[in-house]
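Read through the structure below, which is laid out as structure tokens, and then see the notes.
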Amino acid sequence: MEYRLLKSELGHRLPTVTSTNEWIREVSIPFGSWVIAEEQTAGKGRGQNVWQSLGEDPLIFSGKIRISAAEISLPLLSIFVSSAVLKTIFHFFPEREEDTTVKWPNDIYRGDKKVAGILVQSEFTNGIFEVVIGIGLNFFGKNVPEILKDKATFLCDTPLEEGVLERFANQLIVNINQSVIALLDQGQILKDLVWIEDHSLLKHKVIETEWQSRMVRGRVLGIDELGFLLIMTETGEKIELMDTSPKFRII
């Protein structure tokens, strides 16, 4: 079964939607489609979390692709999609290279606060992953709700110029497709992982997290070829983390 990557001509634009991820998962929407909404009333985050779009002109985006399960690691796909978002940010806002990073496994941070979240959801059928990629990015706003002030901020210090959001989405589609294609080439995976680690919020950081029903603390070594986070604990134990726990924190 052939791949279905995002196609620029299969775009949809909606004034409002409960969740772009839920909307695009409908069986009537073909693979390769993508959608942007002006408003989302029930945005989804990882687990039971929600995604709250902030400010003016946020990016509320979802796309649907189909790829071979034999060739793709989903944790790696998640971090590669995050890198596609970061590369698109640097393309339009090169000044953000100084303070904007990927936080494994699927967030974008400006400084120590979140500006974008990525949610990758998949279903497995006959050796194929049917994947929905949701992206929320808060470009600019004047106020962050009090409850989120310690956690969230905006990517930009000034409002977007006319047309930037549209061009950003078009370039994002290109970069997502390139990231998926890179996953088919082991040599390219390693090159992209070097780039990701150079732009990682966790680079050389010490983290604490729950692992196998116990709390562990260790220094981040990097990300392996499957997308797992590698840490070295205080006792010299090497651990592979597939995901963050609710107790994950940077020391």
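Remarks
- Sequence of Trp195, Trp51 from largest to smallest accessible area, 1.4 Å probe: Trp195, Trp51
- Dipole in debye (nearest 20) - segment 1-129, about Cα centre, beta carbon charges: Lys, Arg +1; Asp, Glu -1: 300 debye
- Note: the chain, Cα convex hull, 134 Å³ per residue.
- Expressed to the nearest 5 percent, the antiparallel share of DSSP beta bridges inside the chain is 90 percent.
- Counting only protein heavy atoms and a 1.4 Å probe, the chain has 50 square angstrom of accessible area per residue.
- Comparing Gly11, Gly117, Gly134 in a Gaussian network model of the chain where C-alpha atoms under 10 Å apart are linked, the largest mean-square fluctuation is found at Gly11.
- Taking all pairs of distinct alpha-carbon atoms in segment 106-215, Kirkwood radius in angstrom: 17.1 Å
- Signed unit charges on C-beta, dipole axis of segment 144-250, positive-most listed residue Phe168, Leu221, Leu155: Leu221
- Charged neighbours of Ile60, selected by a Cβ distance under 9 Å, balance to -2 (K, R count +1; D, E count -1).
- Estimated inter-spin distance, Phe124 and Asp198, nm [label 7 Å along Cα→Cβ]: 3.5 nm
- Accessible-area composition of the chain, carbon plus sulfur, in percent [1.4 Å probe]: 49 percent
- Ser28 sits with roughly 90 Å² accessible to a 1.4 Å probe, with DNA, RNA and ligands left out of the calculation.
- Total lysine pairs in segment 129-241 at Cα distances under 27 Å, for residues eight or more apart or on different chains: 10.
- Pairwise label distance in nanometres, His12 with Arg249, each label 7 Å out on the Cα-Cβ vector: 4.1 nm
- Choice from Thr235, Thr158, Thr16 showing the highest fluctuation, given a GNM over the chain with Cα pairs closer than 10 Å: Thr235
- The heavy atoms of Tyr3 present about 80 square angstrom of accessible area, all protein chains included, probe 1.4 Å.
- Taking the Cα centre of the chain as reference, the dipole from Cβ charges on Lys and Arg (+1) and Asp and Glu (-1) amounts to some 460 debye.
- Only protein heavy atoms count here; on that basis, with a 1.4 Å probe, His91 has an accessible area of about 120 Å².
- Max mean-square fluctuation residue, GNM over the chain, Cα-Cα springs under 10 Å, options Ala69, Ala169, Ala116: Ala69
The values are calculated or read from the model by the stated rules, or taken from the named source; none is laboratory data. Source: prediction; values computed, not measured. Virtual Cβ from ideal backbone geometry, glycine too; neighbours counted across all protein chains shown. Please note that ligands, DNA and RNA were not included when accessible areas were found on the heavy atoms of the full protein model with its side chains. Shrake-Rupley method; radii C 1.70, N 1.55, O 1.52, S 1.80 Å.
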